[in-house]
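The next block holds one structure in the form of structure tokens; read it before the comments.
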Amino acid sequence: MKELTAKAIIGEVLRISSRDFLPTVTLVFVAGFFAQALNLGGTFLLALIQVHEVEVIAATFVVATQAWKFLCQFLVRIATFKNAYVGDKEEDGTIEEEDDNSDDNTYAKVKPKYAYGVLKQGLELYKSILIIDLRRTLSIAWNGMITIPIPYLGLMRCLDLALCVPVRIFEGKQGGENLKRSTELMLGRKILLLKTFFYLSAIASSVVGLIIGLFALLVPSLATVLLPPVGADPASLGGAAQGLVTGTAFERVWDVGTVTERSATILLLMIAVVLSFFFTLGFRQLIYVFHREVANRWIPPPPPPPRKLPEWAKKLKKKVQFWKKDDVKKST
């Protein structure tokens with residue numbers, strides 16, 4: 001088996017991310033449909049019966065809606081790992097297609113019915129994975145902030161427990177065994193995972209910088225609308241940066257921008273959504289690929305050799321275990 005390198009991992013992550021891009025988009029749309037169904041449907045129902053202004057009911061509905069959205073996001077996270085696993089099995093020929101001559105099999109994962117089935121399977125795992133995430137967070141906080149406040153220890157513990165979710169999904173280990181298994185697999189691999197993560201981050205930053213530079217070259221006036229002029233006071237720069245996050249900077253484009261600037265802003269936002277989705281998928285696939293490769297290469301450590309007691313310890317053990325002497329006399 002070839003040596004595991006950051007270059008090979010990045011190539012596999014990019015390949016799987018491209019392969020599973022459309023199925024993951026379907027997962028997000030199906031999960032988003034159910035999330036917004038409760039949000040919009042519940043809002044309409046509360047307004048229909050005229051109880052939406054009651055503070056207790058409104059607060060309870062907001063909490064329930066946020067919890068439901070969190071669950072939908074959590075199920076997408078689990079389904080992403082399952083989709084990657086199924087895709088690998090299909091490529092290996094382990095999972096046979098029902099009808100090899102059917103053109104629909106190529107797009108089977110893109111169908112909402114398939115996405116709904118995968119999301120539904122995640123309901124069996126989300127409780128245990130949620131508990132694992134909680135234990136992992138407490139372990140990282142205990143090692144990196146509570147006992148000895150050294151960020152390095154927290155980072156190393158974070159790398160030790162990076163594979164907890166795939167270990168639960170594909171190996172079925174829970175609780176302390178899950179954390180122990182992840183630490184076992186990451187032994188001697190922590191720096192490789194950290195290095196691969198930095199390389200992927202550098203690639204993502206380069207792509208974002210290239211796109212921003214391209215827009216600045218094609219539509220140079222867009223930057224003057226979104227950002228304050230050079231030499232402005234730091235307060236206005238901070239407000240502009242905050243506006244890019246909150247969306248108020250883009251609202252200025254609709255108010256004072258030209259048709260070209262508005263069109264460029266719409267295109268820029270669409271590219272930003274696609275890239276953010278692809279980057280999120282890529283970093284999740286990094287954990288999947290790393291677990292797959294490390295688990296395939298993992299060799300159980302040899303059992304520890306039997307400990308030999310010195311002579312004085314053997315004599316002391318015989319004296320202490322006096323009842324064994326009586327058993328020997330009775331048997332003779």
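Calculate the FRET efficiency for K7 and F70 from the Cβ-Cβ distance with a Förster distance of 35 Å, rounded to the nearest 0.05. So, using R0 = 35 Å, E works out to roughly 0.45. Placing a pseudo-label 7 Å from each Cα along the Cα-to-Cβ vector at F33 and A202 gives an inter-label distance of 4.2 nm. Here segment 125-219 is treated with +1 on each Lys and Arg Cβ and -1 on each Asp and Glu Cβ, and its dipole about the Cα centre works out to around 180 debye. Shown is the FRET efficiency for L14 and A59, computed with R0 = 25 Å from the Cβ-Cβ distance and rounded to the nearest 0.05: 0.05. Listed peptides 18-27, 196-205 appear in the order 18-27, 196-205 once ranked by packing, highest mean of other Cβ atoms within 10 Å at the front. Assuming 1.002 mPa s and 20 °C, estimate D for segment 260-311 with Stokes-Einstein, Rh taken as the Kirkwood radius over Cα pairs, in µm²/s. For these conditions, the coefficient is 135 µm²/s.
Among Y114, Y152, Y85, Y288, the sequence by solvent-accessible area, most first, with a 1.4 Å probe is Y152, Y85, Y114, Y288.
Per the Debye calculation on segment 133-222 with a single equal scatterer at every Cα and no solvent contribution, log₁₀ I(q)/I(0) for q = 0.13, 0.16, 0.19 Å⁻¹ amounts to -0.58, -0.72, -0.88.
Site pair L46 and L123 shows an inter-label distance of 2.4 nm when each label is modelled 7 Å from Cα along Cα→Cβ. Projecting the alpha carbon convex hull of segment 21-64 along each direction and taking the average yields 3.2 nm².
The values are calculated or read from the model by the stated rules, or taken from the named source; none is laboratory data. Since we're looking at a predicted model, the values are computed, not measured. Here Cβ is always computed from backbone atoms with ideal geometry, including for glycine, and neighbour counts include all displayed protein chains. Just the protein is used for accessible areas: all its heavy atoms, side chains included, with ligands, DNA and RNA removed. Shrake-Rupley method; radii C 1.70, N 1.55, O 1.52, S 1.80 Å.
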